[in-house]
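Heads up: the structure comes next, in structure tokens.
The values are calculated or read from the model by the stated rules, or taken from the named source; none is laboratory data. Here the structure is a predicted model, which means the values were calculated and not measured. In this analysis, Cβ positions are derived from the backbone assuming ideal geometry, glycine residues included, and neighbour counts consider all displayed protein chains. Note: areas computed on protein heavy atoms with side chains; ligands, DNA, RNA excluded. Shrake-Rupley method; radii C 1.70, N 1.55, O 1.52, S 1.80 Å.
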Amino acid sequence: MNADRLSAWVGRAWTERILPAISDYIRIPNQSPLFDPQWESHGHMQRAVELVSTWCRRELPAGSSLEVVQLPGRTPVILMISPGASERTVLLYGHLDKQPPMTGWEPGLDPWVPVLRDGKLYGRGGADDGYAAFASVTALGALAEQKVPRARCVVLIEACEESGSVDLPAYIEALAGRIGTPDLVVCLDSGCGNYEQLWCTTSLRGLATGTLVVETLTEGVHSGDASGIVPSSFRVFRELMERLEDSETGCILNKHFYVEIPKQRKKQAKVVGKVLGDRLWQKFPWMKGTKPMAKDLTEVVLNRTWRPFVELIGIDGVPGIDKAGNVLRPYTTGKLSLRIPPRADAQECLERLKKLMTKDPPHGATITFSGDKASAGWDAPPLAEWLEDACKKASKTFFKKDCVYMGEGGTIPFMGMLGEKFPKAQFMITGLLGPQSNAHGPNEFLHIPMGKKLTASVAMVLEEHLLRDAASGRGNGKANAAKTRKAGRKK
């Protein structure tokens, strides 16, 4: 493969074909089912599926197939299969459902309006993770353009990831015979520490979410009459939270929510701290005077990737300030999002959280906790030498810097599912969600130069996957690799 030619081809593909398509995709408010229960009748998801599938059909290498599959009562998936010079299978994954729009977008920016500024494409879902289908197909096209052989590739794009991928297990089961047994999984839904080199994700935290309701009255009453007699539902709510979290440090108190951090992950965290320095925490939109929870950069990385932390992500029962009367409110409801470490049992954590919140209610208040979601984290298997070499080569070629390995604080449920189903597979988990890209929040953007280099890197790893396989086969490695190239040219 000629790397310069590949880089130029990918760059033109992004400029001329991918960016217009992603811009159209951003305009579609295809929120994940968790945030749009009427997604099917609204039709936005179908529009997004049609846009992506139409583009991919046009761009896929000759001989490939594409099918939109929809099981009854579930969101659809796009399944693409592209035969290769080897029957070994590479699975490339992405999703096309989106988070809600959120408030706080800067003037001139809008979640459903694509805006191009300084090499960044703003809009909801571009970086998380609408670009994945376009980039995956473009990587295949870049290899085909030079007649470079690769293994059989399956591209799977789901529409339920932001809702915890609840529909995906059914599709993995239903399509098992067509997907095959991948020995390499490429996922483009993760993050990067900067936009200057290739980043590979080594682990993902899990997630346990639930709704906590504290009720002390059947209706609100005059606060002057009741305060001092009736316990505040908000104070009881806070007291329950103190069972879980140290309010001074933010640390989770119950040891059962922790796991032992592997030595290799600690070493990798130290490298990340050296590479990024204070950029680790400076990437966030801090209010002046606010400081990070830890000073040691290695600890900052480990806090974000291997330790549990909780956030109150929604609250009910509290009127807006303009409607706030002097009333002792009857209830407080809050939605909790507990990030749990890789290797932790998500369902067990959710059950433990429920027991912790509801046991021995303060003042006899009525406490209910309904668990919404338990998504397992993921810890990558030991990295094969060929994949480590391939990622290093790709990063050096297209970024001129070494590849860096780092855990991520978010959750991709699909990885845990695949890790269990294909325990012998290798994983290249990467993505565009870098500093200030702000997935799930306002002002989300896609870093276009990074997207181009990442697409080229995936193409190189696909080539190396086949060549390394040939080189480690029977007989002379170089001869086998040469035969593989020749077979690819004939094909």
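What does the accessible area of Leu175 come to, in Å² to the nearest 10, when a probe of 1.4 Å is used?
10 Å²
What does the charge count around Asp379 come to, taking other residues whose C-beta lies under 11 Å from its C-beta (Lys +1, Arg +1, Asp -1, Glu -1)?
Result for the neighbourhood of Asp379: +3.
For the stretch 1-152, report the accessible area per residue in Å² (1.4 Å probe, heavy atoms, rounded to an integer).
Result: 40 Å² per residue.
Only bridges whose two residues both fall in the stretch 222-338 count here: according to DSSP, what percent of them are antiparallel, nearest 5?
In the stretch 222-338, DSSP labels about 90 percent of beta bridges as antiparallel.
Apply the a/c threshold of 1.5 to the C-alpha gyration tensor of the stretch 84-240 and tell me whether it is rounded, prolate or oblate.
In terms of gyration-tensor shape, prolate.
List the chymotrypsin sites (Phe, Trp or Tyr not before Pro) within the stretch 257-319 that DSSP assigns to loop and that have no more than 13 neighbouring Cβ atoms inside 10 Å.
Trp286
Can you give the alpha-carbon Rg of the stretch 116-179 over 2.2 N^0.38 Å, where N counts its residues?
Against the compact-globule rule of thumb, the ratio is 1.44.
Could you pull the accessible area for His44 with a 1.4 Å probe, rounded to 10 Å²?
Near enough 50 Å² of accessible area.
Counting heavy atoms of the protein chains only and a 1.4 Å probe, report the per residue accessible area for the stretch 348-463 as a whole number of Å².
39 Å²
Pull up all non-local amide H partners of Cys153: gap of 5 or more, or a different chain, and H-to-H distance under 5 Å with H placed in the peptide plane.
Here the answer is Ser82, Gly84, Val90, since their amide H atoms fall under 5 Å of that of Cys153.
If you line up the Cα atoms of the chain on their principal axes, what length do they span on each, largest first, in Å?
Cα extents, longest axis first: 87, 49, 45 Å.
Looking at the chain, which Cys residues are left with no other cysteine's beta carbon under 4.7 Å from theirs?
Those would be Cys56, Cys153, Cys160, Cys187, Cys192, Cys200, Cys251, Cys349, since no other cysteine Cβ in the chain comes under 4.7 Å of theirs.
Could you work out the relative contact order of the chain? I mean the mean sequence separation of Cα pairs under 8 Å and 6+ apart, divided by the number of residues, in percent.
Taking the mean separation of contacting Cα pairs over the length of the chain, I get 25 percent.
Give me the base-10 log of I(q)/I(0) for the stretch 300-456 at each q in 0.14 Å⁻¹, Debye formula, one uniform scatterer per Cα, rounded to two decimals.
Ignoring solvent entirely, the Cα scatterers give -0.93.
Over all alpha-carbon pairs of the stretch 148-224, lay out the pair-distance distribution in 5 Å bins, whole %, shortest bin first.
Result returned by the calculation: 3, 8, 13, 15, 15, 12, 8, 6, 4, 5, 5, 4, 2, 1, 1, 0.
Per residue, what accessible area does the stretch 183-305 have, given a 1.4 Å probe and all protein chains present, in Å²?
Per-residue value: 53 Å².
On a straight-distance basis, which lysines could pair with Lys452 in a cross-link, Cα separation under 21 angstrom, same-chain partners fewer than 8 positions away excluded?
Leaving aside lysines fewer than 8 places away in the same chain, those within reach of Lys452 are Lys120, Lys147, Lys392, Lys393, Lys396, Lys400, Lys401.
Quick one: work out Rg over Rh on the C-alpha atoms of the stretch 60-130, Rh as Kirkwood radius.
Ratio of gyration radius to Kirkwood radius: 1.11.
Return the ratio Rg/(2.2 N^0.38 Å) for the stretch 253-370, where Rg is computed over Cα atoms only.
Taking N as the residue count of the stretch 253-370, the ratio is 1.40.
Quick check on the stretch 215-304: what does the Kirkwood estimate of hydrodynamic radius come out to from the alpha carbon pairs, in Å?
Taking every pair of different Cα atoms in the stretch 215-304, averaging 1/r and inverting gives 16.9 Å.
Kindly provide log₁₀ I(q)/I(0) values, in the same order as q = 0.20 Å⁻¹, from the Debye equation applied to equal alpha-carbon scatterers of the stretch 50-171.
-1.12
Taking the alpha-carbon centroid of each part, what is the distance from the stretch 317-375 to the stretch 180-258 in angstrom?
9 Å
Return P(r) of the stretch 335-425 (all Cα-Cα pairs; 5 Å bins starting at 0; whole %; ordered from short to long distances).
Going from the shortest bin to the longest, the percentages are 2, 11, 16, 14, 14, 12, 9, 7, 6, 4, 3, 2, 1.
Grab the DSSP H runs of the chain that are 4 residues or longer, score each as -39,500 (n - 2.57), total them, divide by all residues and round the 222 nm result to the nearest 500 deg cm²/dmol.
-11000 deg cm²/dmol
Tell me the carbon and sulfur percent of the accessible area for the chain, rounded to whole percent, probe radius 1.4 Å.
Carbon and sulfur together cover 51 percent of it.
Evaluated at 20 °C with a viscosity of 1.002 mPa s, what Stokes-Einstein diffusion coefficient in µm²/s does the stretch 1-80 have when Rh comes from the Kirkwood expression over alpha-carbon pairs?
Taking Rh from Cα pairs, D becomes 147 µm²/s.
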